[in-house]
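One structure is given here, and the rest of the page talks about it.
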Amino acid sequence: MRKTLEILALTILAILYWITYAALNGAERLPDRIPTHFDISGQPNAWGPPGFLWFLPAVAAGLYMLLTVLGSIRYRRYNLPIAVTEANLPSIQEQTIRMVAWIKCEMLCLFAYLQSSIIQSARDGTFRLSPLLIPVFLVVIFSTVGWRLTAIIRGAKARA
């Protein structure tokens, strides 16, 4: 499962780079000014050149690498509401790595959606993002963390 999530995350990252490359080098030209930041209601409040589109894939790649490194570190101490023992430590470590892999996929999906929305709004001239984007994203992330923490705690209790 973890390998599948890593392949999915790398695929999403590649799609993000492809979206950006195609937008900047494709047949359909972007305007000289594109939205680069949106307020909470989805209205743009900062503008920049089309080359700024490379910023989001660069941040996504950096966060992907950071989460990959952090997810690969085998901690021996966890702050959980259960005792961490030698018997349940491997299960806790595996579940934590899975949680990080899920969060990477979700984060990259958000970045790919944002990038495609910015490009589409620049081409259409509508310049609007859905105000539900951030609340939905937060619900997804916190649901994933809750789901994985529940699995960690249940697995650790079963092995204790």
| said: residue 24 - would you say it is modelled with pLDDT under 95, surrounded by 11 or more Cβ atoms within 10 Å (Cβ to Cβ) and either assigned to a helix (DSSP H, G or I) or among the basic types (Lys, Arg) (or both)? | reply: yes
| said: Which residue is surrounded by the fewest Cβ atoms within 10 Å (Cβ to Cβ), if the candidates are limited to the range 98-129 and must be of a type in the set (Gly, Ala, Ser) and more than 20 Å from residue 7 (Cβ to Cβ)? | reply: 125
| message | For a quick check of your reading of the model, give me the residue pairs whose first member lies in the range 148-159 and is at positive phi, whose second is surrounded by fewer than 15 Cβ atoms within 10 Å (Cβ to Cβ) and part of a helix (DSSP H, G or I), with beta-carbon atoms closer than 9 Å and at least 6 apart or on different chains. | response | none
| Conditions (1) in a loop (DSSP other than H, G, I, E, B); (2) modelled with pLDDT of 90 or more: number failed by residue 116 | (1)
| query | Scanning the range 37-53 for residues that are under 20 Å from residue 112 (Cβ atoms) and surrounded by fewer than 17 Cβ atoms within 10 Å (Cβ to Cβ), which turns out farthest from the chain's Cα centre (by Cα)? | reply | 48
| note | The residue that is nearest to residue 26 (Cα to Cα), considering only those in the range 119-139 that are assigned to a helix (DSSP H, G or I) and among the charged types (D, E, K, R), is 123
| request: All but one of (1) in contact (Cβ under 8 Å) with a residue 12 or more places away in the chain; (2) surrounded by fewer than 19 Cβ atoms within 10 Å (Cβ to Cβ); (3) over 26 Å from residue 157 (Cα atoms) hold for residue 9, so report the exception by its number. | output: (2)
| Only one residue in 30, 16 is under 24 Å from residue 129 (Cα atoms), in a loop (DSSP other than H, G, I, E, B) and in contact with a helix residue (DSSP H, G or I) (Cβ under 7 Å, 6 or more places away or on another chain). Which one? | 30
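The values are calculated or read from the model by the stated rules, or taken from the named source; none is laboratory data. These numbers were taken from a predicted model, which means no experiment stands behind them. In this analysis, Cβ positions are derived from the backbone assuming ideal geometry, glycine residues included, and neighbour counts consider all displayed protein chains.
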